[in-house]
Each structure stands twice: as structure tokens, then as C-alpha cells.
Amino acid sequence: MSKRTEFLNGTEAAARAAQEVNYHILGYFPTQSPQFNMIAGESDQATAAINYGASLGGGRVFNITTMSGMLETLQLQAHSRQAMVLNLISREDHANLYAAFHSGWIILLARDPQAVYDLNLAAVKIGEHADIRLPVIICYDGYFTSEQKHRLEILDDHPLIQSFLGEPPHTFTALDPLNPVTFGIETINIHKQHALAMDAARKVIPEVLSTITRLTGHAYPILDAYCMSDAEYAVVLLNTAAETAKDVVDQLREQGQKVGVLSPNLIRPFPTDAFRDALKNIKVCVIGDRADVYGADGGNLSLEIRAALQQDPENNTVVLSRIYGKKFQERDAKAFFKLAQNSQDALAFDYHGTRKKGHHASKGMPLIETKAVSRNMATVSQNPNTGKLRVELEPLWAMADVTSRIAPGHGACPGCGIFSMLHQIYSILEGNLVVLFQSGCGVMVTTDYPKTSHRITYIHNQHPNGAATLSGLVEMYYEKVKRGELPELSDFTFLMITGDGGMDMGMGSAIGAAHRNHRMIILEYDNQGKMESRGQDSYSTPMSQYTPYVKDTAQIFAACHLPYVFTASEGFSEDLMRKVAKAQWYAKREGLVYGKIMSFCPLYWQTPDSVAQSVMQAALDCTFFPLYEVENGKTTLTYDPDVLGTRLPIASWLKRMGKTKPLLKTQNADILTSFETEVDRRWKRLKAMHEHEEL
């Protein structure tokens, strides 16, 4: 078999295998490939549904995801017996992997990028087998495997790979009018057939993995048993944690200790017999899980292994279950082996690595008094004739004395615009503030346990649920005030902060909150990408980043007939602050306010940290990101480069960012022209709305 060497990370390895397979449909992957029809779903839930629908057409379907809220559709696809391949990048706590345990999919585990590549080929063969016909997940650890590059051996014989894979099977499809089929119905008989398919997989999977070993030269036994032949003590771990433990085994073996590591390459169907056989001569094994099954005295892996051994009367292995959290280092592996060899008084189940009893976290910063953040930096008055608001700001130098609601220190990238934006917003907002962040960069860089950057009440929820969560709190506040259970003098403002990626996935929840018109503010910081996922595209991403045209969220919320909608840029401080002051006035009196704020991201935009102002200024002057407000249905431009004589061609902005420079190449002239035409159309429409109040 001819091979070539490439230096790839896990997601790149998956993409390389996908190119060999030549999938028909690729649902939501942040790297464009000319060989697939790529469909960018607006959320993980939508992506799951796209892939399910595509699989019903009888072709090959592929996806890479972190799987947020996809479980119901995954279960439906498995019950419908539609094969596809999904690469699951596991979160640090393996929560998405544990959820996938209940999806009904076959699940392979890949400990490194080489395994990602090889198992992606195996997955197609397994899922399409006539006795199985089930979708397959290949799960690997986020960051460690998905992002770190390794030297890989890539098969360099496309015809041989295609011969191994074979043609997609001709099964029931939704595209055969001569043989109509009903899909998606769940009955006990359907579940029984699903179970029989899993039973068949126990026989087929080892055969396919043996063939992959012959093709690639890399062995993938059902259980990876490291130094287990004469071991007396063992640890059982998944993926990269097991690789860390192997290094410790080598060290302990040199000291004469008989220890080993078990790690499954297959977790669904669960390899019950393999675990029984591997552990039959082990005195004590410690099973490490990243997360707990609360109330069940163990993590998912330990519970299933204990159940397997319980049914084996000849097995006397003592099983200890430990929850170790998000990180697993050599010191943790040493602690596990030490525990196994000194287990006489050990608890059967416990947490590993938590703070010791009596240890107290360092005291945080002093409580912020309401008067310290209520300094009247903005005075809002309403015109009795037009109903429009007028805002007078104190000098910017005076705002330096306003107590910051954000503590010093954070984990953001150099040049990140999030904290500049927050500082400006918090300098204007008066009174007590409750802030909810949807998942995104803003969460990750401010709440690294056990520290927090927030000096006010802070709430977090996942992308699809932020607005709904905050709306519930808003209504509880006003209900308790109405009942006299809470003084209205508490003077709360309720604020949701979300990135543009989070707004993509949380659009339904946000529009629902807008429809109900809760008294709250939603602010979207728009850095044109879902940056917590290393630059995955959002609908705010410019054309060169794989989406046709940006989703105009400001206009979407204006169409919800909210009392106040605005756009702003963190580089135009006074404009932003005036609009935030208006937002608080309207949110307290009339209902929901939405604001979209352009925020600098040098990492994704591929620009130096020092050019934030010039790049964002160019975005305004080329009218890609216009500044305006919609006040009770009336649109007002607050920055007009045509009037000021600062209008720039779109290329002047695109050339300033590494991510968009390819648009300026000669071969992309048609795309650039289309982009310019769309930006100009939207700008003309906004100007017409500004000039004619009835629009």
C-alpha cells in the first residue's frame, strides 16, 4: 500500500479521510471543500436535521461537530437505520460523548489524529454493512486531538480505498417514488431491530478493523491493552488520558510495578466480553471518568464496566470509580496507580483533584455599591413632540472614575475587543445589573474556575437558551415586585451578552423573547465568527469565509417591532454609549431592546493587534457595517460616510484582513462584484428608510 506523510491535526485528518470517501453532503464544517455539497446549518440542532434529511436520500453524509442539543435527531436517525459518519469533538468534560452514549449510534474512539483518519474510513464500511445500517460516531478529544498536529501516514491509493469502501448500498430512500417509505416512526419493533443491528455490529466491527489494520499498518483492537498481559493493577481511561497514563506505566514498570492501562477503541456497542477478559486477572482497577452520573455512584464508563463484571461470577476485580474532571496529567495517573495498589480503605466512588477540606478560595474584590456605578454618565430626555430620545454624555475622562463591573485580569487573546466593549457598556448602565452570557468567547475568557472576572451577578446558559432563561428571570423580578416580595427600588436592568455565533444558534429563543417583549436588553458582539470553535463561521461572516451573505440580525429584530434596535462599533465610543443609554431607558419602560456591536478579533480577522481602529473604521466607511438605530419603527443613520465624504470601496476594507484578502484575487472578481452589489443594495435600502419615516 502506497502512503505519504502529512502533518495534520484531528479535524484536518477527518477532512482528509472525507475527501477519499467523496461524501455527497457535508453538513456544517468550517472548512470548505470542493468535493462536497456543504450545507452550513444555523445551529447544531439544524445541522443534525440537515444530515438526517440528507441520509434519507441514500447518499453518503459527513459532519464534524461538538454536538450541542442534537440528541433527539441523532436518536431518530439511528432508529431510521440511516448510515452516516459524524466526527464528535468531545468537550473537556466529555459531556457530549456521554450524551451520545444514548443516541443509538455506533461509537468509535480515536486517541490521536492517525486514528481519526483511519477510523473515518472504517466507519463508512461499518455503518453501511447490510447487517448494521447504522450511523457511526468517531469521538476524539477537543484541543488535544482536534487541534494538535501530528505526523500522519495517509493512504496514497485512491482506487484501493474506493475498493475497500465499495459503493453506497441501495437501501430504502425518500427519493424513490416507485417505492414510498415511511420514516421516523418509533415502535417497539423498530427498537428491537435497532438492538439486533447493534448485536450484529459486535461481529462486523472487529472484521472491518482487521481489514483497516492490513491497509494502514495500524492496529485497532476493540480494547487497547497496554502492558496488561501480567498486570495486577490497571487504570481504565478514554482517549488522550489513556495515552498520558501509558507514559506513567513505563516509569512504574521500570520500578518493577505490574501495572497496565485499558482503553477502548469501541464504546458502542459496549465491549462487555472484552472488558471481562481483560480484567479477569486484575486485583484492582481504577476507572476514570471526566463527569459524574449524579446519584448513581460513578461515571458512565465505570458503571458499565462494573455491570459487565457483576455478571461474571469468576471475576473478583475490585473496581474503584473516580471523577477527575477536565484535565488528566501524569501526576493524576500516578495517583490512580497508587490508589489501586493501596485500596484497602479506599472509597468505591469519589472525586479526584477537588479542593481539600478546609481549603478556601482567595477572597474576591469588594462588593460594588450601587452608587459606585450610578454616576449619571448619560442623561436621557424624551422629545415630547417626536417621542425620540436625546442623550447627553459626560466627558469621556469623567467615566474613568466609574467603578468597573469587570475585575482586572482575563484569558482573552491579545487585542480582543470584548473587554473594550464591556467597559464602554458598563460605564453607562446605571443601577443594579444582572448579566447573562450565552456560550462563547465572552464566557471562556472571564470564568476560568475558580476565578471569575464578573463583579456583578452573572448567569451562563448554552446558545439556544440564553434569551429564554433571562426572560424567565425578568418576569420573576416583576412578579415579586408586584406581590411586594421585592422592593422595586432594587432598580434592576437585565442584560444578555452573546456573540454572533451564539446568536445564530440562539435565534429562535431570542425571537421568542422579542415576541413576548420582555423588559431586557440583548447585545450581540459581532466578531464575524464563532470563535470558541476556532473560527467556525457564523452568519455574520463575510463571503470569503464560506457564507453567501451575512444574516442581518438588526433588521430581523427591527421586523419584530421592538421599541429600540441599534448597531454600533466598539471603536465609536460616544455613539455606542448613547445607544446603550437609550437601550436601558427603553428596556425599563417599553420592552426588549436589541443591539449589534462590531467587535475586533485579530485572531480570526488575521490582522495585527494594533490596527483595530483602522480596520473597523474601514468597515463603517465601506458600509459593510452601517451604524444606525430603529426607534419605535423609525430608522436613523448615525454615521453616513457619503455625507462625510469618507466612503471607501469594499476592497479597501477586505485587503486589511488576511481572512478576506483572497477575495481580491483575479479569479474571484465575480464573487467580489456580487459582494459589493449586495452591500450597496443594503446600504441604499437603509438610506431610503432613513429618509422616509413611513419605511
Subject >> Scope the range 322-338; condition more than 14 Å from Leu262 (Cβ to Cβ), in contact with an Asp or Glu (Cβ under 9 Å, 6 or more places away or on another chain) and either open to solvent by less than 70 Å² (accessible area, probe 1.4 Å) or assigned to a helix (DSSP H, G or I) (or both); matching residues >> reply: Arg322, Ile323, Tyr324, Gly325, Glu330
Original post:
Would a scan of the range 661-679 turn up a residue that is more than 18 Å from Gly571 (Cβ to Cβ), open to solvent by 30 Å² or more (accessible area, probe 1.4 Å), modelled with pLDDT of 95 or more and part of a helix (DSSP H, G or I)?
Top reply: no
**OP:** Output the qualifying pairs, or none if there are none: Cβ atoms under 7 angstrom, residues six or more apart or on different chains, first residue in the range 258-285 and touching a residue at least 24 places away in the same chain (Cβ under 8 Å) and closer than 14 Å to Ser302 by Cα, second residue open to solvent by 30 Å² or more (accessible area, probe 1.4 Å) and polar (S, T, N, Q).
**Re:** none
Original post:
Is it true that Gly256 is open to solvent by 30 Å² or more (accessible area, probe 1.4 Å), closer than 16 Å to Tyr226 by Cα and assigned to a loop (DSSP other than H, G, I, E, B)?
Top reply: yes
**OP:** Could you please find all residues in the range 172-212 being assigned to a loop (DSSP other than H, G, I, E, B), surrounded by 14 or more Cβ atoms within 10 Å (Cβ to Cβ) and of a type in the set (Val, Ile, Thr)?
**Re:** Thr173
Original post:
Does His423 qualify as being modelled with pLDDT of 90 or more, open to solvent by 20 Å² or more (accessible area, probe 1.4 Å) and closer than 24 Å to Leu603 by Cα?
Top reply: yes
**OP:** Would you be able to tell me the number of residues in the range 573-595 that are open to solvent by less than 20 Å² (accessible area, probe 1.4 Å) and either over 16 Å from Ser427 (Cβ atoms) or not in a helix (DSSP H, G or I) (or both)?
**Re:** 7
Original post:
Which residues, taken from the range 45-69, are modelled with pLDDT of 70 or more and surrounded by fewer than 22 Cβ atoms within 10 Å (Cβ to Cβ)?
Top reply: Gln45, Ala46, Ala49, Ile50, Gly53, Leu56, Gly57, Gly58, Gly59, Thr66
**OP:** Determine the pairs where a residue that is in contact (Cβ under 8 Å) with a residue 40 or more places away in the chain and more than 13 Å from Gln424 (Cα to Cα), located within the range 381-407, has a partner that is surrounded by 13 or more Cβ atoms within 10 Å (Cβ to Cβ) and acidic (Asp, Glu) with Cβ atoms under 6 Å apart, the partner being 6 or more residues away or on another chain.
**Re:** Lys388/Glu631
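Does Ala346 satisfy the criteria of being surrounded by 12 or more Cβ atoms within 10 Å (Cβ to Cβ), touching a strand residue (DSSP E or B) at 6+ places or on another chain (Cβ under 9 Å), modelled with pLDDT under 95 and of a type outside the set (Phe, Trp, Tyr)? Even if it seems obvious, please write down each step before you answer.
On the way: surrounded by 12 or more Cβ atoms within 10 Å (Cβ to Cβ): yes; touching a strand residue (DSSP E or B) at 6+ places or on another chain (Cβ under 9 Å): yes; modelled with pLDDT under 95: yes; of a type outside the set (Phe, Trp, Tyr): yes.
Here the answer is yes, as Ala346 does meet what is asked.
How about the range 462-480: which of its residues are modelled with pLDDT under 85 and either open to solvent by 10 Å² or more (accessible area, probe 1.4 Å) or of a type in the set (Val, Ile, Thr) (or both)?
Selection gives Gln462, Pro464, Asn465.
Among the listed residues Thr386, Thr446, which satisfies the condition of being of a type in the set (Ser, Thr, Tyr) and over 22 Å from Asn527 (Cβ atoms)?
Testing whether each residue is of a type in the set (Ser, Thr, Tyr) and over 22 Å from Asn527 (Cβ atoms) leaves just Thr386.
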Original post:
Looking at the range 3-44, which of the residues that are open to solvent by 20 Å² or more (accessible area, probe 1.4 Å), at pLDDT below 85 and closer than 15 Å to Asn87 by Cα is nearest to the chain's Cα centre (by Cα)?
Top reply: Pro30
Original post:
Got at least one residue in the range 603-625 being modelled with pLDDT under 90, open to solvent by 30 Å² or more (accessible area, probe 1.4 Å), under 25 Å from Cys441 (Cβ atoms) and hydroxyl-bearing (Ser, Thr, Tyr)?
Top reply: yes
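Conditions tested, residue by residue: (1) modelled with pLDDT under 95; (2) open to solvent by 50 Å² or more (accessible area, probe 1.4 Å).
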| site | (1), (2) |
| --- | --- |
| Val248 | no, no |
| Leu262 | no, no |
| Pro269 | no, no |
| Ala274 | no, no |
| Lys280 | yes, yes |
| Lys283 | no, yes |
Original post:
Can you find a residue in the range 440-449 that is open to solvent by less than 30 Å² (accessible area, probe 1.4 Å) and assigned to a helix (DSSP H, G or I)?
Top reply: yes
Original post:
Among the residues of the range 481-516, how many are surrounded by 19 or more Cβ atoms within 10 Å (Cβ to Cβ) and in a helix (DSSP H, G or I)?
Top reply: 11
**OP:** Would you mind finding the one in Thr171, Thr182 that is over 14 Å from Gly10 (Cβ atoms), of a type in the set (Ser, Thr, Tyr) and in contact (Cβ under 8 Å) with a residue 12 or more places away in the chain?
**Re:** Thr171
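The values are calculated or read from the model by the stated rules, or taken from the named source; none is laboratory data. Keep in mind it's a predicted model, so treat the numbers as computed, not measured. When we count neighbours, we look across all protein chains shown, and the Cβ atoms used for this are built from the backbone with ideal geometry, even at glycine. Ligands, DNA and RNA are stripped out before the accessible areas are found, and what is left, the full protein with its side chains, is counted by its heavy atoms. Shrake-Rupley method; radii C 1.70, N 1.55, O 1.52, S 1.80 Å.
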